[in-house]
Amino acid sequence: MISVWGNQKAYKIDELVEADSSEIFFDDLNQEKISVSEYFLSVYGMKMQQNKFMFKVEPKKKKRNGIVLKADAKPIYLPPEYCVLDGVPESIRANKFAMRDALQATRMTPESKFKQI
């Protein structure tokens, strides 16, 4: 998934969890507790409409010489309504006609790219 806020970072989703975004808290930069929905509203001005489900991203455990560094890192919760799918699902990729239609729908000519700039 790719986020549609901030630096539009790509994430590998580990799980879809049934959790209210106003009940998931984390420490912000000032070490104050803030909910996911409050954070998105205050930092990005994005009011969350769908609060029942969240994408859960487990932190990567970095190892150096067999020792786990960052074992205490907490998972990241992302609102699905502000994420977009990256890549093509296997069901479309397996069907050459669906793949052709998907490519035609998303392909841009150089002229249309230039107009967007």
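Since every read-out is calculated from the coordinates, none of them should be taken as a lab result. As the structure is a prediction and not an experimental result, all values here were calculated from the model. Positions of Cβ are backbone-derived with ideal geometry, glycine not excepted, and every protein chain shown enters the neighbour counts.
Where in segment 1-46 are the strands (runs of 3 or more DSSP E), entirely inside, with at least 1 residues that are over 27 Å from P89 (Cα atoms)?
Where strands (runs of 3 or more DSSP E) fall fully within segment 1-46 and carry at least 1 residues being over 27 Å from P89 (Cα atoms), they are 25-27, 33-35.
Out of segment 99-116, which residues are surrounded by 10 or more Cβ atoms within 10 Å (Cβ to Cβ) and more than 15 Å from P89 (Cα to Cα)?
Answer for segment 99-116, where residues must be surrounded by 10 or more Cβ atoms within 10 Å (Cβ to Cβ) and more than 15 Å from P89 (Cα to Cα): just M108.
Pull up segment 1-46, narrow it to residues that are of a type in the set (A, V, I, L, M) and out of contact with any strand residue (DSSP E or B) (no Cβ under 7 Å at 6 or more places or on another chain), then point me to the one that is surrounded by the fewest Cβ atoms within 10 Å (Cβ to Cβ). Outline the logic, then answer.
Here is the first cut: in segment 1-46, the residues of a type in the set (A, V, I, L, M) are 1-2, 4, 10, 13, 16-17, 19, 24, 29, 34, 36, 41, 43, 46.
Imposing the further condition that a residue be out of contact with any strand residue (DSSP E or B) (no Cβ under 7 Å at 6 or more places or on another chain) reduces the set to 29, 41, 43, 46.
Details: L29: 7, L41: 14, V43: 13, M46: 16.
Only one residue fits best here, namely L29.
Anything in segment 1-33 that is over 18 Å from the mean Cα position of the chain (by Cα) and either aliphatic (A, V, I, L, M) or under 16 Å from K74 (Cβ atoms) (or both)? List them, or say none.
E23, D27, D28, L29, Q31, E32, K33, listed by residue number.
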